[in-house]
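A short reminder: the numbers here are calculations on the coordinates, not readings from a lab. None of these values were measured; they are calculated from a predicted model. Using ideal geometry, Cβ is built from the backbone for each residue, glycine included, and neighbour counts are taken over all protein chains shown.
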């Protein structure tokens, strides 16, 4: 996918701004492109520009211009939200089609539309008024992150076996000790390892340093010995496959699921990202303050990190125990 060849100028300029000025990753920019393309396709159908039965994939947006986007109304955006909630197919490849995107997915698309119009009015100054300034987002459910207990984490680490044991154990160790994202682990290069730390490139290409404990350093060193005999010296990737190429996100996801099963854990409840949640929760439970954790996880905003403070809050336990009914027992004679 290359938005530069599939976007009209009014959209391409917005996407290039986010990629070159804001420094957003190509994956983020591609998501913006897909979200806005869907919105424009929806508008072309609703406005009768193309027949209503036209397949979405067949609708070109190359004719969308400033005159088109400045006439968008709040009602049209809310109609789009309704379409996403009721009529949009969740999985095109599923045998039994499911309709309706989640509130979180809809909120992301609305955030993208907001960002687009903010760019047109504030940055590019192509519009005098923002037609979606009063746009409300769908209410999203607040859920607590799932995480492994300390004992379950140990079981998972012990589950790594087979031909790729050193590599898989090292990846699991980095997940559980450092709390890295899967994209950050996949993107690691050998030169990012500096004995006591890892140079990590996170969201928006923001760099941070992940300091390593003894077990993680030992795991990386053990894997480096195996890796040296697998790949040529010019290969930069820290983690590689048996084909001597950089490991993919899909392969890491599969490896995590396989080892969860080996450890006797429910692979439907946990994932690679849940290991990041586990690292964060274990750190908080063992005295790391939330602002330090924010730096460790590479969160831009503190409120993203604060969700972990609700997982196992010792002060809430104390409050529950302080209730005068805490030790009440019913009368057994009745």
Taking neighbour counts of Cβ atoms within 10 Å as a proxy for exposure, in what order, fewest first, do 126, 180 appear?
126, 180
Expressed in angstrom, Rg and Dmax over the Cα atoms of the chain are 24.4, 82
For the range 122-205, what does the convex hull of the Cα positions come to per residue, in cubic angstrom?
198
Between residue 226 and residue 82, with labels modelled 7 Å along Cα→Cβ, what's the label distance in nm to one decimal, could you check?
5.6
What order do you get for 170, 178 when you list them from fewest to most C-beta neighbours inside 10 Å?
178, 170
Alpha-carbon radius of gyration plus Dmax, which is the widest Cα pair, for the range 150-313 in Å:
15.4, 48
Take the chain, connect every pair of alpha-carbon atoms lying under 10 Å apart with a spring to form a Gaussian network, then pick out the residue of 76, 55, 129 with the largest mean-square fluctuation.
55
With 10 angstrom as the radius, rank 105, 254 by how many other C-beta atoms surround their C-beta, starting from the fewest.
254, 105
Share of Cα-Cα pairs in the range 167-209 lying beyond 14 Å, as whole percent
45
Tell me what the chain gives for mean residue ellipticity at 222 nm when only DSSP H runs of n ≥ 4 count, each as -39,500 (n - 2.57), the sum divided by the residue total, rounded to 500 deg cm²/dmol.
-14500 deg cm²/dmol
Compute the long axis of helix 74-86 from its Cα atoms, compare it with the longest principal axis of the Cα atoms of the chain, and write down the angle in degrees, 0 to 90, nearest 10.
50
Taking springs between alpha-carbon atoms closer than 10 angstrom, which of 212, 74, 15 fluctuates most in the Gaussian network model of the chain?
74
Rounded to two decimals, what ratio of Rg to Rh does the range 19-86 give with C-alpha atoms and a Kirkwood Rh?
1.00
Report, to the nearest 10°, how far helix 165-178 tilts away from the longest principal axis of the Cα atoms in the chain, using its own Cα long axis and a range of 0 to 90°.
80
Each label point is 7 Å from the Cα along the Cα-to-Cβ direction; what then is the distance between the points at residue 65 and residue 303, in nm?
4.0
Between residue 123 and residue 243, what is the spin-label point distance in nm, taking each point 7 Å from the Cα along the Cα→C-beta axis?
3.6
Anyone know which of 301, 273, 24 comes out most mobile in the 10 Å Cα GNM of the chain?
301
At a threshold of 8 angstrom on Cα-Cα distance, excluding pairs fewer than six apart, so keeping six or more, what relative contact order does the chain reach in percent?
15
Would you mind calculating the relative contact order of the range 150-313 from Cα pairs under 8 angstrom and at least 6 residues apart, reporting the percent as a whole number?
26
Angle between the chain longest axis and helix 103-118 axis [Cα atoms, degrees, rounded to 10]:
50
Which distance in Å, rounded to a whole number, links the C-alpha centroids of the range 252-289 and the range 179-226?
18
Throw me the Rg/Rh for the range 3-123, computed over C-alpha atoms with Kirkwood Rh, two decimals.
0.95
